[in-house]
């Protein structure tokens, strides 16, 4: 378990940690000279049975609250320190507010310098502290009088700390460590320290730094100040890292060391915000704030989602819009301080680390946030029942740091079904199937001469407007079930087929023979009309119907090629190699400069070729766009 101190300057936090562990947590020369804690200090107490208590000693001066916050977000329990000689002071109150806003409900109070007070003074101080704790997460916490000088109460305090148990941080999920210190160790290289918030980190693991995305390999590690092969959630670890672009300057306090699956930094966090009742005025929409999350400290603004003002003591939904990206997952806690960084204003719990830049106040989005804010695992059932009708499971896994197996377990408990990367209720899938079938049937009825609907047109024609990726998953499910067929890029019901009339079929038979015979230089619409005595509009209509069926391709206005021929011409262009000219292409097809240029311009428009000046090259990913070339 990691215990963090909290309290006013000169109330004896560092001396108490030394009495509990034998370690002086003040490590900086300036700290020794001034006799105050400036930055975070760390100490460990070996309990002799394989267990350790880890302590994070934080500064008590108001100027160094930002350093206190960097250490506070990684602790499991709070040790509030109050001097029996001085009693409650401003930083006692602010540190307690921070502990409360971070949701820390395990803790003790150490009434230090007890040797300087008599019994009546101690009782008076204890009554003051009990009153201060009421209404906070630490209400009812035990108060232990101690003296670091005489040793009074130190053993009792240590015993009570042990009774609180081990870290509540789970070892499930992907690994993430909040970096609070980085230095270079001679002969070893870059070392980062911090608390493991989730998962496990092992020697030789390949990880990423968030938000920079730099690669890092764990060469060795210390867990709880001991050499180890693995560091687990709830332990403080020092990681010796190596990487191609890694340096001390590339790592900052506030970075995260994470498994690659968790690297998705964000600058918009949707949160549940609690404004302190002690705030002197309402919080306005778009107010600037200092945001402390993990060990990170960034500037940002508060976008209120339920009105333009928030009264002191209220809790509401908001979006934190940050000036820099940070690593965050659902459930992380953040502390907000005023623009001048002189007081703590509010606390926030992350609901969705990937807040949208638009439509963040719509009823649909607020309903989604309401479901996500549900405590426990019941949030997924509520999400699936919303109007959106689906859940992006990859996004859910990333936002909540869940392995796929855990996501599938939660999905099953919620009564959902996985369709590719999305979760749906069975009732939603049945409704989507009927919607697709009814929409296609209505289109076939009113457009009997059309082959069907292009998938995107089908998507926007449905009663339920699905996002493109979710709709693609639904459509592929229907194709696999053979309730929908895809022909030539068109979706249709299995019983529908486009048939030309007898006269048009006879005309097509003659035109297809000409298109085959003159495949690289086919006749144009007017040529067919003159050759067969047909009106040009009728010839054009028949060829465009066949284009919708995928039999021919209109490469230029009124210039149609058989689809396999287009695939063959792409293969010819590819065989010419990199940086071929229009003249080379023309010579291979032997079809004249004008037609060759029209074909190449068609390729350029569709991304099949890239043109630089008079030279072109094919794009490998587009070679099969019109199918394989004929043998």
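The values are calculated or read from the model by the stated rules, or taken from the named source; none is laboratory data. Here the structure is a predicted model, which is why all the values come from computation and not from measurement. As a convention, Cβ positions derive from the backbone with ideal geometry for all residues, glycine included, and neighbour counts pool all protein chains shown.
Observations on the structure shown:
- Identity of the residue in segment 117-152, within 45 Å of the chain's Cα centre (by Cα) and without any contact (Cβ under 8 Å) to a residue 12 or more places away in the chain, that ends up surrounded by the most Cβ atoms within 10 Å (Cβ to Cβ): 139
- Counting residues in segment 556-574 that are touching a strand residue (DSSP E or B) at 6+ places or on another chain (Cβ under 8 Å) and free of Cβ contacts under 8 Å to residues at least 24 places away in the same chain gives zero.
- Single residue of 232, 236, 253 found to be outside the structural domain of residue 330 (by TED's automatic domain parsing) and closer than 22 Å to residue 339 by Cβ: 253
- The set of residues in segment 70-90 that are surrounded by fewer than 22 Cβ atoms within 10 Å (Cβ to Cβ) and in a helix (DSSP H, G or I) contains only 90.
- Residue within segment 48-60 that is in a helix (DSSP H, G or I), touching a helix residue (DSSP H, G or I) at 6+ places or on another chain (Cβ under 9 Å) and modelled with pLDDT under 90 present: no
- For segment 337-369, a residue qualifies if it is closer than 19 Å to residue 102 by Cα, surrounded by fewer than 20 Cβ atoms within 10 Å (Cβ to Cβ) and in contact (Cβ under 8 Å) with a residue 60 or more places away in the chain, and the qualifying residues are 341, 342, 343, 349.
- Residue ranges of strands (runs of 3 or more DSSP E) in segment 476-594 with at least 1 members within 53 Å of the chain's Cα centre (by Cα) and closer than 30 Å to residue 436 by Cα: 485-487, 490-492, 552-556
- Residue ID - farthest from residue 11 (Cα to Cα), chosen from residues in segment 102-116 that are crowded, with 20+ Cβ neighbours inside 10 Å and more than 35 Å from the chain's Cα centre (by Cα): 108
- Residue among 416, 412 that is more than 23 Å from residue 318 (Cα to Cα) and touching a strand residue (DSSP E or B) at 6+ places or on another chain (Cβ under 8 Å): 416
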